[in-house]
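To keep things clear, I will list the structure first and then write my remarks on it.
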Amino acid sequence: MGKARKVAGCVPVRIRNGTDEYEVLLVKSRWVEGVWLYPKGGVEEHEEAKMSAIRETREEAGVIGRLGPKLGSYKSSTGKEVHKMWILFVEEEYDETDKRWKEVNLVPTLYSILLSERGEVELTASVPLRCFLA
C-alpha cells in the first residue's frame, strides 16, 4: 500500500454573543448528503499541516482566527488518509462577498444547531452559509 494522504483541519470555535458559551462551526459535506464536517483538506507538498489546517478552514468555512492546541491525529477508516486536527479560535468571519472565502459557492446553506446543557441536539433555524454548534 502507498503512502497515506495527509489531511489537516480545524474545529473552529467562537463565543456565543452575550454569553460565556462556545459554539462550534461545521460545514456541510459536498460529497455525502446530510453529513456535517469540520473544515479540512489535503496538505499540499510545500505546507506544514498546521498551515494547511488554517488555509482549508478559511477556504471552506470563511473564518480565520488564532490556532489553538492540536486535538490529535487519526487514520481514516480505509487507512488511506491521516488526519490532523486543531482548535481554531474564530476572530473574523467573512461575508459571502469576500474573495478570501474561496468555496463560498460550493458550501450549501447550513443550519444552526444548539446543544443544550442536557446534551441534547436541537435544530433551531436556518442560517445562510454557516452553522455553529453550541
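Just so it is clear, none of the values below were taken in a lab; they were calculated from the coordinates. A quick note: this is a predicted structure, and the numbers were derived from the prediction, not measured. Here Cβ is always computed from backbone atoms with ideal geometry, including for glycine, and neighbour counts include all displayed protein chains.
Let me know the Kirkwood hydrodynamic radius for segment 1-94, please, with Cα pairs as the basis and the value in Å to one decimal.
Every distinct Cα pair counted, the radius reaches 13.8 Å.
Starting from 0.36 nm per residue, how many nanometres of slack lie between LEU37 and SER73 once their C-alpha separation is accounted for? Show your work: numbers first, answer last.
Values: separation 36, 0.36 × 36 = 12.96 nm, distance 1.58 nm.
This chain segment gains 11.4 nm when fully extended.
Projected onto the charge dipole of segment 1-63 (+1 at Lys/Arg Cβ, -1 at Asp/Glu Cβ, origin at the Cα centre), which of VAL43, GLY18, VAL63 gives the Cα projection farthest towards the positive end?
VAL43
Report D for segment 46-89 in µm² per second (integer): Stokes-Einstein, Kirkwood Rh on Cα pairs, 10 °C, 1.306 mPa s. It would help to have the intermediate numbers written out before the result.
Numbers: Rh = 11.3 Å.
Translational diffusion coefficient: 141 µm²/s.
Give me the net charge of LYS80's neighbourhood, meaning all other residues with Cβ under 14 Å from the Cβ of LYS80; Lys, Arg count +1, Asp, Glu -1.
+3
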